[in-house]
Amino acid sequence: MNLRFSIFICFAFFSFTINAAIICPPDKYLTCHDDIHDFSVVGYPTILGGVGQARYSDQRSNAVCNVGHVTRTWYLDANGNQTYDLGEHACLQEIYLSYTPGETVIDWPADKIITCKDALPNDIPSWISGPCDIVGISKQDQIFETDTKSCYKILRTFTVVNWCIHVPGTTIGIWSHTQVIKIDDKSKPSIINCNPIELGTDGGCDATFTVSNYAIDPSPCGQQKLYWTAEVDLWADGSVEYSYSHSNLDSSFLLPVVKKRTIC
């Protein structure tokens, strides 16, 4: 018995078309000091066919200190104009940036003593803060006349603010320091008449007398107030029995100023 087998081999041919596409990297949750333009950090899209170079544009919804939300549009730049145009293949990637706190350490300028001929120092504080912090500084000078030991003093108040942690209406994130700058006057006034004066007395050992003098102060600080003190040695033994000055705090008796004259 002869058996005949017929073998039919059928070939099916299929054809399909892959549409161009761009697949975004996954959304990212980063810190404020991460580089969102570093592809090793944020990722790079997958390109399936199509013509054009992969580019991106960012739309930010950020607060200060580089925190907030970035919506990144990845697209195939088909016409090469580096702008996303309607009809170009695109996808969206969301990037969320959180704040990284850091300690703020401030190095304040030291107090200074200078002379009138010296230029005023222009010191400012230096500081170390967190990687995302935004630090601002202001200063304000107050000038005060002082005693006879110096021309004047400047109280320079520095205020430093870390805007990333400052809470308005509170002292959180804000620091102040006052630098004292003392301007010394080392020049001495020149008293014009320093000759000794001998005074006689009457039979009751009383005497009425008037003394006067004037001085010139060649201070580089400009015109300065001159204060007088008159000391009386009754017995010429080197011991002062009476002292008269412009202030009762400096002497036993008040010596009113009769006339003040400034000579430049």
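Values quoted throughout were computed directly from the atomic coordinates according to the rules given, and no laboratory measurement underlies them. Keep in mind that what you see is a predicted model, and the values were worked out from it rather than measured. Virtual Cβ from ideal backbone geometry, glycine too; neighbours counted across all protein chains shown.
Could you please report the charge total around VAL41, scoring K, R as +1 and D, E as -1 over all other residues with beta-carbon less than 11 angstrom from its beta-carbon?
-2
What does the net charge come to around ASN81 if you take all other residues with beta carbon closer than 14 Å to its beta carbon, with K and R at +1 and D and E at -1?
That works out to -2.
Would you please give the residues with an amide H less than 5 Å from that of GLY50, counting only those at least 5 places away or on a separate chain, with H modeled from the backbone geometry?
Amide H neighbours of GLY50: ALA20.
Against the globular-protein guess of 2.2 N^0.38 Å, express the Cα radius of gyration of segment 14-156 as a ratio, rounded to two decimals.
On the way: Rg = 27.6 Å, N = 143, 2.2 N^0.38 = 14.5 Å.
Rg over 2.2 N^0.38 Å, computed on Cα atoms: 1.90.
Counting Lys +1, Arg +1, Asp -1, Glu -1, what net charge surrounds SER138 among other residues with beta carbon under 15 Å of its beta carbon? Present the calculation step by step, with values, prior to reporting the outcome.
Working: positive: LYS139, ARG156; negative: ASP123, ASP141.
Combined, the nearby Lys, Arg, Asp and Glu give 0.
Based solely on C-alpha atoms, express the radius of gyration and the Dmax of segment 21-98 in angstrom.
For segment 21-98, the Cα-based Rg and Dmax read 13.0, 40 Å.
Please pull out the direction-averaged projected area of segment 75-207, using the convex hull of its alpha-carbon atoms, in nm² to one decimal place.
19.8
When SER129, SER138 are ordered from fewest to most other Cβ atoms inside 10 Å of their Cβ, what list results?
Lowest count first: SER138, SER129.
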